[in-house]
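Encoded as structure tokens, the structure appears first; notes follow it.
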Amino acid sequence: MLIHTGKKLHVCEVCNKSFGRKSHFKIHMLIHTGEKPHVCEVCNKSFCQKSNLKSHMLNHTGEKPYACKICNKSFGQKSHLKSHIRIHTEEKPHVCEICNYSFTQKGDLNRHILIHTGEKSHVCEICNKSFTLKSGLKKHLLMHTEEKPHVCDICNKSFAQKGDLNRHALIHTGEKPHVCEICSKSFALKSQLKCHMLIHTGEKPHVCEICNNSFAQKSQLKCHMFFNTGGKHHVCEICSKSCTQKGDLKRHVIIHTGEKPHVCEICSKSFARKCDLKNIYLFTQERNLMCVRYVIIHLLKKVN
């Protein structure tokens with residue numbers, strides 16, 4: 001009868017959400033307790049609800065029973081199919097309350113909201129740089145390994161990320177798909193168009209902390225700061241290379257001395273710079289000083 005009357009007798013004391021059925025109320029409470037009683041026997045991942053575990057198991061079996069009638073693409077979960085269909089219908093039901101930008105999927109909206117909040121919860125344990133998205137941290141970690149697996153077929157230049165290779169390829173093709181709607185000038189990269197648009201808006205967001213002079217582009221501010229601070233006044237006595245900061249000069253001099261005082265306690269490899277070693281807990285509670293290569297392997301496992 002509760003279905004017909006609309007009465008919801010079971011009220012959550014934590015968030016005041018109410019439920020018509022006790023079973024639904026009990027499932028809801030697991031959100032607050034953090035309890036995940038349903039465990040996958042293959043990978044040990046745990047879930048609040050049995051239905052979530054069943055959906056997860058399809059990842060291991062490879063079964064995709066839900067097929068799109070428009071393009072025949074298949075999915076393991078019904079919810080994924082529903083999200084996919086919105087690509088064809090161009091429906092965007094998830095709207096940002098701050099800027100009214102709309103999205104096909106709720107996950108995209110959640111990631112977008114972080115732009116407004118400025119939250120960057122994913123932090124690199126090597127250099128402390130923080131990122132809004134987990135994917136951004138994963139890409140960043142590859143930069144520390146100096147691995148560049150993506151190679152240009154035309155000039156053999158290599159890149160750490162596939163996106164960087166795609167942007168580089170535009171140099172060879174001459175393609176400029178990003179067009180200014182005001183003056184029709186075209187650009188290879190979206191970031192170049194964004195910088196160009198500041199010319200029309202007159203916006204100068206980059207401000208010098210010394211003289212308060214403002215600039216449209218960050219590169220213009222960097223050039224200005226170079227002259228404002230007197231340029232590079234720390235000079236190497238061996239090769240006459242100049243550096244803006246004293247610390248940069250000290251790190252540079254090690255190139256000439258060949259000194260490698262920083263030793264990895266795991267692989268015994270030595271390094272010129274301390275930043276190539278990183279204090280981090282790995283596997284045990286002991287703090288070991290180890291090389292970046294081992295740290296990266298560990299961090300990528302954590303991120304995944």
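No value in this document is a laboratory result; all are computed from the given coordinates. Note that the structure is a prediction, hence the values are computed from the model and not measured. We place every Cβ from the backbone using ideal geometry, glycine too, and count neighbours over all the protein chains shown.
Bridgeable lysines around Lys50 (alpha carbons under 17 Å apart, same-chain partners fewer than 8 residues away excluded): Lys22, Lys26, Lys36, Lys78. Computed about the Cα centre, the dipole magnitude for region 1-109 is approximately 400 debye when only Lys and Arg (+1) and Asp and Glu (-1) carry charge, each at its Cβ.
Cut-off 10 angstrom, C-alpha nodes, Gaussian network model of the chain. Which of Pro177, Pro261, Pro37 fluctuates the most? Comparing Pro177, Pro261, Pro37 in the GNM, the peak value goes to Pro37.
If you take all other residues with their beta carbon under 12 Å from the beta carbon of Leu58, and give Lys and Arg +1 and Asp and Glu -1, the sum is +2. Test of understanding: in a Gaussian network model of the chain with alpha carbons linked when under 10 Å, which of Gly20, Gly76, Gly136 would top the mean-square fluctuation ranking? The residue that fluctuates most here is Gly20.
In summary, the lysines within cross-link reach of Lys139, defined as a Cα separation below 22 angstrom excluding same-chain residues under 8 places away, comprise Lys120, Lys129, Lys148, Lys157, Lys162, Lys190, Lys278, Lys301, Lys302.
In this Cβ point-charge picture (+1 for Lys and Arg, -1 for Asp and Glu), the chain has a dipole of about 740 debye about its Cα centre.
As a calculated quantity, the FRET efficiency between Cys267 and His88 at R0 = 35 Å, using C-beta atoms, amounts to about 0.10.
Cα-based radius of gyration for region 178-229, normalised by 2.2 N^0.38 Å, reads 1.30.
For the chain, the equivalent ellipsoid derived from the alpha-carbon gyration tensor has semi-axes of 46, 31, 23 Å in decreasing order. Just checking the listed ones, Glu41, Glu175, Glu125: in the Gaussian network model of the chain with Cα springs under 10 Å, the one fluctuating most is Glu41. By the helix-only formula, in which each DSSP H run with n ≥ 4 contributes -39500 (n - 2.57) and the sum is divided by residues, the chain has a 222 nm mean residue ellipticity of -12500 deg cm²/dmol.
Here each label is just a point 7 Å from Cα along the line to Cβ, and for Ile238 and Lys22 those points are 7.9 nm apart.
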